[in-house]
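Quick notes on the structure that follows.
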Amino acid sequence: MRRSAAPSQVLGNVAKKPRFIPPGKSITVCLKNEMKEMDQEIKLKEIDEKEESASLLSEIYGQNQNANFTQSVESTGKIKTTKACFSVKKCSKVEMKTLNTPKADALYLPTLGAAKEEAAQEEPDCLEKYFSVVWCKASKKKHKKWEGDAVLITKGKSVILKDMEGKDIGRGTGYKSKELDSLGEGQTLMVGGKEIEVMGVISADDFSSGRCFQAGIGTHDTVPTAFSQTNMKPFCKPFKSVSQPNTKENILKDSQSYKPRHDPNASNSLVMPKPNASHQWMFNKAGLPMVDVVVDPHIANNLRPHQKEGIIFLYECVMGMRVSGRFGAILADEMGLGKTLQCIALVWTLLRQGVYGCKPVLKRALIVTPGSLVKNWKKEFQKWLGSERIKVFTVDQDHKVEEFIGSPLYSVMIISYEMLLRSLDQIQAIEFNLLICDEGHRLKNSSIKTTTALTSLSCERRIILTGTPIQNDLQEFYALIEFVNPGILGSLSSYRKIYEEPIVRSREPSATKEEKELGEKRAAELTCLTGLFILRRTQEIINKFLPPKKESIIFCRPTALQLELYQKLLSSRVIRSCLQGRLENSPHLICIGALKKLCNHPCLLFKAIKEKSCDPVSDEHDESSLYKGLIDVFPQDYTSDTFSETDSGKLQVLVKLLAAIHELNSSERVVLVSNYTQTLNILQETCKHYGYSYTRLDGHTPVSQRQQIVDTFNSKFSPAFIFLLSSKAGGVGLNLIGASHLILYDIDWNPATDIQAMARVWRDGQKHTVYIYRLLTTGSIEEKIYQRQISKQDLSGAVVDLSKTSEHIHFSIEELRNLFTLHEDSTCVTHDLLECNCMGKKDHQNPSSEKPSVSRSCQLGQNHGKPHSKKPLSMSQLMQWKHFSGQHQTLTDPFLERIKENVSFIFQNVTSPTSTS
Ligand SMILES: Nc1ncnc2c1ncn2[C@@H]1O[C@H](COP(=O)(O)OP(=O)(O)OP(=O)(O)O)[C@@H](O)[C@H]1O
Ligand SMILES: [Mg+2]
């Protein structure tokens, strides 16, 4: 049988063009342009929402057979919506029949090949149906990776699968007609070795016009991609005058064909809210019909409930629906809640859709992120959208901004903050319609280069993503708000007067009743105003989707060497003078540093002493004098190159813990975190010594290699047992779900740093129970820092800056005295502070407790007749944790059982979908 020419050849060899763009597209575009021109003459009245969606539905799905609506143009030129009792389905059948006119056949039938022709002969009366589908090669894998979009044509018992360029890529016959008849969204089918999943129904009209083949371009895009735009323009005029006279009927027909890109009524569909009248008045001057904006089911089907809410929130913000004339948002969800996915859903939706006449809201989006996350963003785009739907451009050494400008393929650019500064001129020249700043709390300082650079971009729609609390410093808070919604809080000076000063004053101990009241009111007002465009959800929201997390705070006994050195340091002249208030040049910070080093391992202190003594030009007398006499405490043959685990309490525990994990959970892996490169070196040496395979990411790891290191570790074939991580370098954003154990070897002043690190493993995608171990040296400065951390967390939401390091913390003499005290006799100072009377011997609930449901035997306050304890909340929360001394006879936890010898005390908490303690 002689085959007819391919459609591309019928149309004059346009097949040589990269994509098959049928003429229907141009007509539509032209018509829309005309509609705009005619705006003066004909005002399109907004179609009643209910009626409109019913009408749209009937158009798309041929439903509502007896209650359809038609529109007529009144003599006034306004469109009137009236009910009409005729069956659209019948009508569309007629239309579909007429699709097989010679013209339509000439376009499509020849490429359908023998299968279709046979089918047509066998089943002459059968109707063709069309579906948008995704496909992949048939496999038994549970989680399929779809390889592309396609169009499925069914007729009778046969099907044909076409790719987005109109080419046949599969066909089949002998299906049950009933099965094909009832084919619908979400259903799967095998077609010639390919598995397909139906994403939606394509109307006969969309198929015949070829619109359904325009991959990635909305059915009614009026802002096509750069490629299509440039190709389209010259063809507008002829089509306009020749093919479609600009009659009212045509305009009406065109307006009737506006329809959502995805089915708004499908189960699990996520439909964006419609704008109100004033928004329409502002942004829909042309009076285009409103069309449902529906998140691609490919993404929507995977969203958690909080993510759906988050996407609606972001949508409303960037569309200016929450605060008139403002388009910014701050998504401050805690770590791991999927801020990335929420943004991807938003970007993808807005790049393809728009509520007014389907016109996409965005043409280009810019995502700025820390260097270590650039590749992660790209991966997440691929994870949720596949590589067919969207191409994102990541800027790096080999891919410069110019390439993005020159290529029509990309609508999303991902760039690191550093690279953005370097390429600012080029970036400024590109028109972006949405700017997303990941880990955007770095913009809290309005005078730093990054903030000024980003502010200089003309883009109005700005989103800050951050997992770190942002309301703790009112000035920084202002800077973030000012970035996303400039001017909303007035000038800085008026903000200070109206909000900052009264709020800060009200929190001072000496504040009067009136001042307190005023401060509270202002704070409430500020929260109310900014709450419109700030969203923060806590991790609890996702706990139910995560595996259980078992968190242990392990108090490790210091070794004799550590104790001796510690005492010696505390008795030094420098520390004594600090305690007398002599703090010029911050000698106390050096002392704190030395104590922290000692807690990690005495050899770190030894190294510092040696370096100081080798430094003849050292003018830091304080540091030298701090170390005076210390060297004598070390054994004579001590060197900094060879160190022993027996010299450090924490290292002893670590070694036993690693051995236990390796032995008991051999297939599971560990993330080992420290804030210091030197400590990581020690941990690395320890790994080597015990033959544990490891990988490492710290501040020195080139940004270009980071994602690869992470990916390799997360892969189930990873050879590494341990991931050595510097929390400062890689704390934010990384996914390390390849590990289910995480050990924090040391502690940071900033609880956010530690929480960030812990969230690397206990996050979406984690399959195993997660074990978090925090190692603290008993009675030492580490315990004090921990206590400070938890009382600071209590205050989050108040005016506390969690991001400060020790350099920025102001210590009172009293606090320093506390910091520079060693509690040799205590098994756990933190427990002592809780005034608990359990003596560390119990880990079960106290039956005599007044509130048995929440209290334990040593519930803070209750055992002491103080039901309204003034102790900070998280201290009391800590009381609800199981706690016991290391001497406990039998520990149910097999890992802790192995390490208890060197452990003086343990707090433990289990978070699981069903229980919280
Ligand atoms: N609905 C979901 N289903 C399955 N996995 C999800 C879902 N949402 C997010 N994830 C996965 O959870 C992980 C964490 O998401 P993401 O990195 O976006 O978190 P985040 O909110 O940006 O956290 P951080 O503040 O730490 O950067 C990612 O691997 C992501 O793919
Ligand atoms: Mg993130």
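The values are calculated or read from the model by the stated rules, or taken from the named source; none is laboratory data. Predicted model only: the values in this text are computed from it and were never measured. Virtual Cβ from ideal backbone geometry, glycine too; neighbours counted across all protein chains shown. Quick note on the areas: whole protein, heavy atoms, side chains included, nothing else; ligands and nucleic acids left out. Shrake-Rupley method; radii C 1.70, N 1.55, O 1.52, S 1.80 Å.
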How long is region 441-480 along each principal axis, judged by its Cα atoms, biggest number first, in Å? 28, 19, 13
With a sphere of radius 13 Å drawn around the Cβ of Pro635, what net charge do the other residues whose Cβ falls strictly inside it have (Lys, Arg +1; Asp, Glu -1)? -4
Mind jotting down a quarter of the surface of the convex hull over the alpha carbons of region 366-497, in square nanometres, one decimal? 8.5 nm²
Cβ-derived FRET efficiency at R0 41 Å, Lys513 paired with Ser613, nearest 0.05: 0.10
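Report Rg/Rh for region 721-791, rounded to two decimals, where Rg is the Cα radius of gyration and Rh the Kirkwood radius. If you can, show how the numbers build up before the last one.
On the way: Rg = 12.5 Å, Rh = 12.8 Å.
We get a ratio of 0.98 for region 721-791.
Considering only protein heavy atoms and a 1.4 Å probe, what is the carbon-and-sulfur percentage of the accessible area of region 558-617?
Using a 1.4 Å probe with all protein chains present, region 558-617 comes out at 52 percent carbon and sulfur.
Report Rg(Cα)/(2.2 N^0.38 Å) for region 558-617, keeping two decimals.
Scaled against compact globular proteins, the figure is 1.16.
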Rg in Å to one decimal, and Dmax rounded to a whole Å, for region 413-554 via C-alpha atoms: 18.6, 55
Residues whose built amide H sits under 5 Å from the amide H of Val293, excluding neighbours closer than 5 in sequence, are Met272
Taking all protein chains in place and a 1.4 Å probe, what share, in percent, of the accessible surface of region 619-744 do carbon and sulfur account for? 49 percent
Determine by what factor the alpha-carbon radius of gyration of region 472-578 differs from 2.2 N^0.38 Å, reporting the quotient. 1.79
Each residue of region 900-906 in turn: what ³J(HN,Hα) in whole Hz from Karplus with 6.51, -1.76, 1.60 and θ = phi - 60°, glycine and Pro shown as x? 4, 4, 9, 10, 8, 7, 9
With every protein chain present, what is the per residue accessible area of region 558-617 (1.4 Å probe, Å²)? 44 Å²
Roughly how big is region 558-617's charge dipole about its Cα centre, with Cβ charges of +1 (Lys, Arg) and -1 (Asp, Glu), in debye to the nearest 20? 60 debye
